[in-house]
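Down below is the structure, laid out as structure tokens.
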Amino acid sequence: MRWYVSIGAVLVAGVLAGGDVAGVAAPGTRNQLGHPPGLQLADKAANPTVDVELVLAVDVSYSMDMDELAIQREGYAQAIVSKEFLQALKTGPHGKIAVTYFEWAASTDQKIIIPWRLIDGPETADAVANEIMKTPIRRASRTSISGAINFAMPLFDENPHRGLRRVIDISGDGPNNNGGPVVVARDAALEKGVVINGLPIMVKEPSYSTMDIDNLDAYYEDCVIGGPGSFVVTIKEREKFKEAIRTKLLLEIAGRTPERPVVPVAAKEKEPRVNCLIGEKIWQDRWGR
């Protein structure tokens, strides 16, 4: 079952108290993360068990302005060191998670900002937040959500920590317009037991120049997210940016889904409410290729 929650009605305290809650070039070799590809199961079993392996996949396409990119970075850094996040961390059976953070744009443009890091308390959380903030902000062309998912999947094999859950957390402000179809990448990830959650960013009026769509939240619900308990947190107000990121991370760390109000998204056997190839169509109509 997948769920949708609007950030405007989120009550962060409910995540922790269990009350009502309303409302991330594919890696393959040692040189990116410092680990040989295809870690053996025995090697992973020898490492500490974590509650979740979390991949944060963050959009840096040109449709995001520099202010949005800065707020996005700050939002993740502040969320990771927040009191609520550290409390949520303690709710898991192991009290620790493994996280990696990368930025993406075109199907061949992904950059790891934070390799796999263990977060088990304030000190490790501070270290990850500092790493996020010290990296220069960049922008790049095109939007390939499928490329982000395909890039993320091998990262789980390279993670030295074994998680009870594996989650890809994707933020973005537009539909897939580059690389393979997003539903193909999504379904391949779901077949391997990975959950995909979404953070559609809708703080600006849709524009032909940036190829935005006015129902990006529905697109994410029907074409991007999937897996048990998957959900969407939508940002429609710039001032809610950081709050949305924090709320999304709290839900993921605590292994919860929004309780109220919730609306089950379209079942896979039903037609998506939004054409899952709408981004590719807009690009074709505009550029003819």
- On the given criteria, is residue 63 more than 17 Å from residue 252 (Cβ to Cβ) and either modelled with pLDDT under 50 or buried (at least 16 other Cβ atoms within 10 Å of the Cβ) (or both)? yes
- Task: Could you tell me whether any residue of the stretch 139-152 is among the β-branched types (Val, Ile, Thr) and in a helix (DSSP H, G or I)?
- Result: yes
- Report whether or not residue 88 is of a type in the set (A, V, I, L, M), crowded, with 16+ Cβ neighbours inside 10 Å, over 30 Å from residue 278 (Cα atoms) and modelled with pLDDT under 95. yes
- Message: So residue 248 passes all but one of these: (1) touching a strand residue (DSSP E or B) at 6+ places or on another chain (Cβ under 6 Å); (2) at pLDDT below 70; (3) surrounded by 13 or more Cβ atoms within 10 Å (Cβ to Cβ). Which condition number does it fail?
- Response: (2)
- Message: Which condition from (1) more than 24 Å from residue 147 (Cβ to Cβ); (2) modelled with pLDDT under 90; (3) among the polar types (S, T, N, Q) is the one that residue 82 breaks?
- Response: (2)
- Item | Hey, residue 193 surrounded by fewer than 16 Cβ atoms within 10 Å (Cβ to Cβ) and not basic (Lys, Arg) or not | yes
- Message: Residues to consider are 195, 233, 183; find the one that is closer than 27 Å to residue 271 by Cα, at pLDDT 95 or above and under 15 Å from the mean Cα position of the chain (by Cα).
- Response: 195
- Message: What are the pairs with Cβ atoms under 8 angstrom where one residue, in the stretch 111-129, is of a type in the set (Lys, Arg) and the other, located anywhere, is in a strand (DSSP E or B)? Sequence gap at least six, or different chains.
- Response: 111/102; 111/103; 111/104; 117/98; 117/99; 117/100
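If I filter the stretch 117-130 for residues that are closer than 19 Å to residue 225 by Cα and either within 16 Å of the chain's Cα centre (by Cα) or β-branched (Val, Ile, Thr) (or both), do I get at least one hit? Write out each step before concluding.
First pass over the stretch 117-130, keeping only residues closer than 19 Å to residue 225 by Cα: none.
Checked the stretch 117-130: no residue is closer than 19 Å to residue 225 by Cα and either within 16 Å of the chain's Cα centre (by Cα) or β-branched (Val, Ile, Thr) (or both).
Please enumerate the residues belonging to the stretch 113-153 that are polar (S, T, N, Q), surrounded by 17 or more Cβ atoms within 10 Å (Cβ to Cβ) and under 24 Å from residue 180 (Cα atoms).
First, the residues of the stretch 113-153 that are polar (S, T, N, Q): 124, 130, 135, 141, 143-144, 146, 150.
Remaining after also requiring surrounded by 17 or more Cβ atoms within 10 Å (Cβ to Cβ): 124, 143-144, 146, 150.
Residues satisfying the conditions are 143, 144, 146, 150.
The values are calculated or read from the model by the stated rules, or taken from the named source; none is laboratory data. Keep in mind the model is a prediction, meaning the values are calculated, not measured. Here Cβ is always computed from backbone atoms with ideal geometry, including for glycine, and neighbour counts include all displayed protein chains.
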